[in-house]
Structures are given as C-alpha cells and as structure tokens.
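Below is one structure, written out as structure tokens, with a few remarks after it.
The values are calculated or read from the model by the stated rules, or taken from the named source; none is laboratory data. The shown structure was predicted, so the numbers you read here are calculated from the model rather than taken from an experiment. Neighbour counts are summed over all protein chains in view; Cβ atoms, including those assigned to glycine, are modelled from backbone coordinates with ideal geometry.
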Amino acid sequence: MSPELKQAVEERVALGHTKEQIAAELEAAGYDHESIEMIYASVTGVDQAATTNVQSLPRNRDLFKAAWGFMVSRLDLVAWLAVPSVALGVLTFLNTSDFATESLVQTVLSVIATIALFLFTIVVQVAVIYAALKHSKGETLTIKQGITWATNNFFGWIWLVLLTGLVIMGGWLLLIVPGIIAAVYVAFSQYVFVDEGGRGLAALQRSRQLVYGKFASVVWRMFVMTLFLVALYIPVAILAALILASVPEATATLITVVLEGLVSGFIGVLAAYYMTTIYQSLKLMPLVPVAPTSWYKVYAGSGVLFVIAIVGLTFAFMSALTELGDDMQTDTVPTAFQAEQAELDAEMQAELEAFQQQFQAEFESN
C-alpha cells in the first residue's frame, strides 16, 4: 500500500467517515473487496470497531478540506442554493428601485413571489443538509431526492427551527450568556432531525448530549468556520466597490446582489458539510452522561413572551399613531366658534380698509 493511499484513508478515519463510506470510495477507485479489507485493517489496526472510538474532533484544516471537497463535487447543490438567493435579491432590488410601481396587483404578486422564494430556499437548505449527511455515510443522492425528503418533512423542520430560535432568544433575554451557550448546544438539532429523526425538544436535547463535554472544542471550530465564511464576502465587497466606481449605481447594486447570491450558495454548502462532519465525529466520541435540561422550556417560554410583547407594542404604537393622525386632522377642521370669529375678523378688516380709503380721499381733496 502506497504512503499516499494510507494517508488518505487515515484522514477519512480521523474525519469520522464510516467503513462503508471509505470502502465505497476505494471501490470507485478500482479496488476489490479483499484489497479494501486489507487496506482498512492495516490503517486502523482493527476491524469495524476502529471508527467507533474517536477521541477528539477533526482539526479545522481537515474540516475545511472535507467541506471544500464536498462542495466541489456537488456544484449542483451550490447552484440550487444560489438561484433562490439571487432571485430574492433581484426582487428586493426591483421593489426598492425606481422601476417599482404603486399597482396593487404588482404589489400582491411581489409579496407572493417573495414568500414562495423564501419557502423554496428553506426546502433547498434542508435538502443540502440531507445530501451532506448521506454523503458522509458513503451515499450519493440527487437534488430531487433531497427536495422530496425536505418537502415531506417541511413542517417538522419549521417547528424545530422556530423552537430553536425561541430557546436562543429566551437565553439572550436572560443576560445574553445563556443564549450563547444554548446556541452552541442546540447547533446540531437540525442534523439530529435529518439523521436520526429527532423532533422538537427531543432533537434539542440530543444535540446538547452530543456537545456536552466537548463545548470548548465545538465553539472553537464554529468560531473559525464563521470567520472563514465571513471572509468569503470580502472579495465581493471589494469587487462591488470597483464596479460602483465604473458603472451607474443601479447597475452596480444589481450586480452586487447577484454576486452575494452566488457566494451564499457556496457558503451554504460549505457550512452544511463542515457542520455535518463535526456532527458525525461527535456521534463517534464517547458520550458524557447528562440529564435532559428543563431550562430549554423556560428559554422557549421567555422567547414566546418576548414575541408577544413585541407584537403588542407594535400594535399599540401603530394605534397611537393612528389616533394622533385623527386628532391632527380634527384640529384642522374649524369649529363653529372659529368660523364666527373668522367672519367677524373679516368684517372688521373690511371696515378698517373702507375707513382708510375714505380718510385718504378727504385728505387728498383738501
């Protein structure tokens, strides 16, 4: 066995790839079953149990390498993610530009198109995570299969996302730090939903169980991933500035919207596989016993109360503005007393002008 082949298999074992996935890749490269078994045994030193005792998470470099390889091999997923993002950006640009009209029909159609694109973006994002998880197990599926699965599980996914958002929001309301901690612990709840079928609060608890005892390692890798993904937008910002200096503002804005949509497609696929690899590695690491927490219910309840308060304050503010506008409009309508006073003022002004004219005529005649 060549050193290059041995190193390649060792890297995949370290990344948490299963024996089936490694075998599928070797088989695709032309190796037979007996050779695959020998290669795997010589690298791991044991048989199937070798991949069930990962002691640490993969390095950031290995995570990015695996994510980049997946993205390059699935540019179709990048395109599917980029298209609705670009369409939403272009639609927003048209609605806020000089081309926008006040037609009620066009406004309604624009709202419907925006909602449809937003929902389709969610479906594609779920499909990308589903494809990433399947790929990590050595399976390859089409985007159509991913979208079908995402559509069938759409409402369960939406409920999980809403619940996760409420838990994080409630944690932020409780002095911020609990919100940050909760966000890390529940970061893999969506992957639990797709991979294990966990739903609602059970998925959040399972994500916490996977992260518990490895919190610092997970935070560090998520932090590095965030910095890297943000850095990908820097070339777009520089290019947008250059374009703005050479073309009209409206054209530059439209080009920038398209570029941001394309970059969001790359970032979506990279982040999905990066997090998938961490998730699969966490599953292979020894679990630290931890009891389910009841705080997530408290956080979610706090989040619900906050949303209700915001909605209530918004309605109260809008109502106050409406009443103020009505009062101002009422003030502009003259009352009966004001009308009579205005009439008297007009008569006195007329008499004063007549007296001045008469006085001036007598003065001139003398």
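Tabulated data for the structure shown
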quantity: The lone exception for L175 - which of (1) surrounded by fewer than 21 Cβ atoms within 10 Å (Cβ to Cβ); (2) in contact with a helix residue (DSSP H, G or I) (Cβ under 7 Å, 6 or more places away or on another chain) it fails; calculated: (2)
quantity: Residues that are under 23 Å from L305 (Cα atoms) and without any contact (Cβ under 8 Å) to a residue 40 or more places away in the chain, drawn from the stretch 190-212; calculated: A202
quantity: Residue check for G138: surrounded by 14 or more Cβ atoms within 10 Å (Cβ to Cβ), at pLDDT below 90 and out of contact with any Leu (no Cβ under 8 Å at 6 or more places or on another chain); calculated: yes
quantity: Output for the stretch 65-85, where each listed residue is surrounded by 19 or more Cβ atoms within 10 Å (Cβ to Cβ) and either part of a helix (DSSP H, G or I) or without any contact (Cβ under 8 Å) to a residue 12 or more places away in the chain (or both); calculated: A66, A67, F70, M71, L77, V78, W80, L81, A82, P84, S85
quantity: Single residue of the stretch 144-172 satisfying the filter (among the β-branched types (V, I, T) and crowded, with 20+ Cβ neighbours inside 10 Å) that is nearest to I129 (Cα to Cα); calculated: T164
quantity: Checklist (1) closer than 19 Å to A131 by Cβ; (2) out of contact with any Gly (no Cβ under 8 Å at 6 or more places or on another chain) applied to S189, failing item; calculated: (2)
quantity: Single residue of the stretch 36-64 satisfying the filter (in a helix (DSSP H, G or I) and at pLDDT below 70) that is surrounded by the fewest Cβ atoms within 10 Å (Cβ to Cβ); calculated: A49
quantity: Checklist (1) touching a residue at least 24 places away in the same chain (Cβ under 8 Å); (2) touching a helix residue (DSSP H, G or I) at 6+ places or on another chain (Cβ under 9 Å); (3) of a type outside the set (D, E) applied to A252, failing item; calculated: (1)
quantity: Test result for L254, surrounded by 13 or more Cβ atoms within 10 Å (Cβ to Cβ) and hydrophobic (A, V, I, L, M, F, W, C); calculated: yes
quantity: Answer residue from the stretch 1-32, given it is surrounded by 11 or more Cβ atoms within 10 Å (Cβ to Cβ), in a helix (DSSP H, G or I) and of a type in the set (G, A, S) and is nearest to the chain's Cα centre (by Cα) among those; calculated: A14
quantity: Any pair with Cβ under 6 angstrom, 6 or more apart, that starts in the stretch 275-288 at a residue that is among the aliphatic types (A, V, I, L, M) and ends at one that is outside any helix (DSSP H, G or I); calculated: L284/G16; L284/V54; M285/V54; V288/Y212; V288/G213
quantity: Exclusive hit being hydroxyl-bearing (S, T, Y), loosely packed, with under 14 Cβ neighbours inside 10 Å and at pLDDT below 70, set T335, T322; calculated: T335
quantity: Qualifying positions in the stretch 269-295 - of a type in the set (F, W, Y) and at pLDDT 90 or above; calculated: Y273, Y274, Y279
quantity: Criterion: surrounded by fewer than 21 Cβ atoms within 10 Å (Cβ to Cβ), within 24 Å of Q55 (Cα to Cα) and modelled with pLDDT of 90 or more - qualifying residue of A202, A187, A183; calculated: A183
